[in-house]
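Worksheet for the structure shown next.
The values are calculated or read from the model by the stated rules, or taken from the named source; none is laboratory data. Being a predicted model, the structure only gives us computed values, none of them experimental. Every residue, glycine among them, receives a Cβ derived from its backbone with ideal geometry; neighbour counts consider all protein chains shown.
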Amino acid sequence: MLRKIKEMKSSIVFDKNVVEFVTVAAEYCSFMEQAEQKDRREIVSVLPKLLSLLYLKALMLPETETDYSMNLEEWVTEQDYDTLRAMLSAKLGSTDDYLEVFVEDMKYSDTPVLKTISEDLADIYQALKNFVHQFQSGLNDVMAESVAICADGFKTYWGQTLVNTMRAVHSIVSYNEDDDNSAECGYSDNELW
């Protein structure tokens, strides 16, 4: 029985879709960590591609279950989170804010809920950076549990956050003509990250 559980965890860890998701998650984290050296135009032109690929790869993760019995280490500190969020907010400037309708509080509010792209991106980063570090442990049990926790987080929180952020970023890419603080943010299909 124990051997069968270990084999199952090993097969999840080395599943093609998991490996591809890990690759895209690591790319997202790397892009966020290097965003300070990029201008707003470059950030906004890459985000739709990166976020949509991340969403697709997360959808393809195999079905897994977690009982949250392992206490996996979290790598992203509150200071890391706040630093990233503040830097992204400064980069995005006036385009950072957007109105959100897909939040539970909206049912009880007479006014729209204001969200920021920078906070959403930092939330996604936190979930993915913790996952990538846990996955890199090389321990099948930890790796399998990290996949299950990340997939569950995608279903319950950061997946919706990602979709909402894509909508807000799309608005910047498509309707940026009136923003004189930024260059054109359009991009071509041939442009690579």
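Assorted remarks:
- The set of residues in the stretch 87-122 that are among the aromatic types (F, W, Y), at pLDDT below 75 and either closer than 14 Å to H170 by Cα or within 19 Å of the chain's Cα centre (by Cα) (or both) contains only F102.
- Looking across the stretch 10-26, not a single residue is within 15 Å of Q134 (Cα to Cα) and charged (D, E, K, R).
- Matching residues in the stretch 36-86 - criterion: being modelled with pLDDT of 95 or more, among the small types (G, A, S) and surrounded by fewer than 12 Cβ atoms within 10 Å (Cβ to Cβ): none
- Test: residue in the stretch 68-79 that is touching a Leu at 6+ places or on another chain (Cβ under 8 Å), within 30 Å of V19 (Cα to Cα), part of a helix (DSSP H, G or I) and not aliphatic (A, V, I, L, M): no
- Cross-chain or 6+ apart pairs with Cβ under 6 Å, the stretch 77-100 first and farther than 22 Å from N130 by Cα, then of a type in the set (A, V, I, L, M, F, W, C) and loosely packed, with under 12 Cβ neighbours inside 10 Å: D97/L114
- When L84, L88, L128 are checked against the criterion of being in contact with a helix residue (DSSP H, G or I) (Cβ under 8 Å, 6 or more places away or on another chain) and under 19 Å from T23 (Cβ atoms), L128 stands alone in meeting it.
- Whenever a residue of the stretch 129-145 is at negative phi, its partners that are among the basic types (K, R), lying with C-beta atoms within less than 6 angstrom and at least six residues away or across chains, give the pairs N140/K9; A144/K9.
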